[in-house]
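A short worksheet on the structure shown next.
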Amino acid sequence: MTLQSFEVGKPIPALLTPYTHGPDGASLQLMEDLSLLLCVVLTDATSKEVQAIKKGLVRFRLLEQEDLIFPMVAFDHNVAEFELPFDPTGYKEDIPELANLLHIVLIDQRGLILKVNRVLGLGKNFLRRLVDGWNAARRKPEEFHLFVRMMEQNHVRSNWNNASPVDWDK
């Protein structure tokens, strides 16, 4: 089963269940095919949030500390903005070049219903920045975890305002 075959309005497939535990928010996952999954989980998402994630402008920013990164995303002029936690320190080898696909799903936390299933192509330069940052984190796990803890102490809007915009399609 591919991510593109998931049906909006239906209960989520088992593949997505691990990403629904915890508070509302978003996470970024590396899939087996080296594409990325941006999983947004919201309780009772408003129609404005659903439409923003489904069809709105997507913007990425990176918080950076030396060669470490902490990605963030916003939809449709900040209707919905999220930090994108991803911990690459558990990978035994460097993360290779990624596929240029980003799957974006929105899950309703209350009923575990898929609300949005969207796919975007990502640019090579943006993917290279992600891979380089994640591989740097693999080499310095303690420094990376400290950096993430510091970022998680701030409000999402504060982090967004301090992050550098990136062209994700280049």
Measure off 7 Å from each Cα along the Cα-to-Cβ vector at LEU57 and LYS92, then give the distance between these two points in nanometres to one decimal.
-> 4.5 nm
With Cα atoms, 0 to 90° folded angle of helix 141-152 axis to the chain main axis | 50 degrees
Note on region 34-102: contact order normalised by length, alpha-carbon pairs under 8 Å, 6 or more apart, percent, works out to 35 percent
Kirkwood Rh for region 10-108 from C-alpha pairs, in Å, is 14.6 Å
Let me know the longest stretch in the chain that avoids all GluC sites (Glu not before Pro) found in a DSSP loop with at most 14 other C-beta atoms within 10 Å.
-> 98-170
Taking a cut-off of 19 Å between Cα atoms, list the aspartates and glutamates near LYS115, but don't count ones fewer than 8 places away on the same chain.
-> GLU7, ASP24, ASP44, GLU49, ASP76, GLU81
Modelled label-to-label distance, GLU64 and ARG128, 7 Å Cα→beta-carbon offset: nm?
-> 1.3 nm
Expected unfolding gain across LEU15-GLN153 under the 0.36 nm per residue rule, minus the alpha-carbon gap, is 46.7 nm
With Kirkwood radius over Cα pairs in Å in mind, check [x] 16.3; [y] 15.9; [z] 26.3 and report the label derived from this structure.
-> [x]
Toward the positive end of the charge dipole of region 22-163, about the Cα centre and with charges on Cβ (Lys, Arg +1; Asp, Glu -1), which of THR43, PHE144, GLY56 goes farthest?
-> GLY56
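Each reported figure results from applying straightforward, stated rules to the coordinates on display, with no laboratory input. Being a predicted model, the structure only gives us computed values, none of them experimental. All Cβ positions, glycine included, derive from the backbone under ideal geometry; neighbour counts span all protein chains shown.
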